[in-house]
Amino acid sequence: MDNRLQGKTVIITGAAGGIGEVLSEKLAECGMNIVLTGRRKEALEAVAEKVEQMGGRACVCAGDLSDMNFLEELLERTQAAFGGVDVLINNAGLSHRCPVEEMTPELFESIMKVNVQAPYFLCQKAVPYLRKSNFATIINIGSVVSHKGYPLQSVYAASKHALLGFSKSLANEVFKENIRVHVISPGSVFTDMIASVRPDLSPEGMILPEDMAEIVIFYLEHRHTNAVIDEIEVHRVTKEPFA
Ligand SMILES: NC(=O)c1ccc[n+]([C@@H]2O[C@H](COP(=O)([O-])OP(=O)(O)OC[C@H]3O[C@@H](n4cnc5c(N)ncnc54)[C@H](OP(=O)(O)O)[C@@H]3O)[C@@H](O)[C@H]2O)c1
C-alpha cells in the first residue's frame, strides 16, 4: 500500500513531552513533516533532533498558546517551512486538581486559554490553509472528562466538554469542504500529567503515549475512506468497559 502520510505536514501542539513527543516521533516515522510547538524550546529541539536522526523533517516553533499573536505566527512559520498545512493536532493541555471552592479566576482563565481558546483559534486560523490540502484533518485531543465529571477536576472537565462541543460544531461547518475534524477522548495515559491529576492511580495498565499515536495513525491512514469515525473514546485496560 502507498504511504499516504509521506510528505504531509502536521502541526503538533504540546510536542515537548508526553503524548505529543511520542506522536511527533511516530508521525515522523510515517514520513510526515513535523511542526513542533510548546513553550519549552530546548525540549522541542531535542525532539526535533530525534526526528531528524530518523531521517524526518522537523520545524521547531516555540511559544505560548495562550498568546493569540503566537497562533498566527505558528501557521505562518509552518507555511514558510513546508509550504502548507495538512493536519493540525491540538494536543497541548493543562489540568489541575482541586475542589471548586479553591479555584482562582487566574487559574481558571489559564486552563481555558490552553484547552479551549487556543484550539478554537488555531482551528480558525488553520482552516484557510487546510482548504488547500487534499488531506485536511484536525484531531483534537479530548479526554474521558469530555463526557464525565470527576470530582476535583471541574475546570479541566469544563474545558474538555467545551473542546468536544466546539469540535462537533466545527466538523459540521467544514465537512462539505473535505476537512475532517476528529476527537480522541482517552482515559488515563501514562505521562507526567496523570501523575498530578490522579496520584491515586497505579501506572500499571494505563494507556501509553504509543497507543495514542497508533490511534492518530489509524485516523490518518483512513483519511481517504468513505467511512468517518468522528470520535474515539479509549479507556485503560484495567478500567471496566462501557463504563
Ligand atoms: N495523560 C492523561 O492521562 C490524559 C488523559 C486524557 C487526555 N489527555 C490530554 O492529552 C493531551 C496531552 O497531555 P499529556 O498527558 O501528554 O500531558 P503533558 O505531558 O503535560 O503535555 C501537555 C503539553 O501541553 C503543553 N502546554 C501546556 N501549556 C501550554 C501553553 N501555554 N502553551 C504551549 N504549550 C503548552 C506543554 O508543553 P510546554 O510545557 O513545553 O509548554 C506539554 O508538552 C492534553 O490535552 C491532555 O488533556 C491526557
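The values are calculated or read from the model by the stated rules, or taken from the named source; none is laboratory data. This one's a predicted model, so the numbers in the text were calculated from it and none came from an experiment. Ideal geometry is used to build each Cβ from the backbone, glycine not excepted, and the neighbour counts take in all protein chains shown. These area figures cover heavy atoms from the full protein model, side chains too; ligands, DNA and RNA do not enter into them. Shrake-Rupley method; radii C 1.70, N 1.55, O 1.52, S 1.80 Å.
Each residue in segment 134-145 was checked for being in contact (Cβ under 8 Å) with a residue 60 or more places away in the chain and either hydroxyl-bearing (Ser, Thr, Tyr) or buried (at least 23 other Cβ atoms within 10 Å of the Cβ) (or both), and 4 pass. Could you please tell me which pairs satisfy a Cβ distance under 7 Å, a separation of 6+ or placement on different chains, a first residue in segment 182-193 that is assigned to a helix (DSSP H, G or I), and a second residue that is near the ligand (Cβ under 7 Å from one of its atoms)? Cβ pairs passing all conditions: ASP192/GLY17; ASP192/GLY18; MET193/GLY18; MET193/SER95. Scanning segment 113-133 for residues that are of a type in the set (A, V, I, L, M, F, W, C) and open to solvent by 40 Å² or more (accessible area, probe 1.4 Å) gives a single hit, PHE121.
HIS161 falls short on exactly one of the conditions (1) surrounded by 21 or more Cβ atoms within 10 Å (Cβ to Cβ); (2) more than 26 Å from ASP86 (Cβ to Cβ), and that condition is (1). Residue check: is ILE179 more than 13 Å from the ligand (Cβ to nearest atom), touching a residue at least 12 places away in the same chain (Cβ under 8 Å) and either farther than 16 Å from VAL145 by Cα or in contact with a Gly (Cβ under 7 Å, 6 or more places away or on another chain) (or both)? So ILE179 fits the description; yes. Only one of these conditions is not met by GLU233: (1) open to solvent by 70 Å² or more (accessible area, probe 1.4 Å); (2) over 28 Å from PHE175 (Cβ atoms). Which number is it? Here GLU233 clears every test but (2). Of all residues in segment 33-73, exactly one satisfies the criterion of being among the acidic types (Asp, Glu) and closer than 16 Å to ASN91 by Cβ, namely ASP64.
Okay, residues lined up against (1) more than 10 Å from the ligand (Cβ to nearest atom); (2) not charged (D, E, K, R):
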{"position": "VAL183", "(1), (2)": "yes, yes"}
{"position": "GLY187", "(1), (2)": "no, yes"}
{"position": "MET193", "(1), (2)": "no, yes"}
{"position": "VAL197", "(1), (2)": "no, yes"}
{"position": "GLY205", "(1), (2)": "yes, yes"}
{"position": "GLU210", "(1), (2)": "yes, no"}
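Considered as a group, the residues in segment 17-50 that are surrounded by 24 or more Cβ atoms within 10 Å (Cβ to Cβ) and not in a helix (DSSP H, G or I) include one that is nearest to the ligand (Cβ to nearest atom), and that residue is GLY38.
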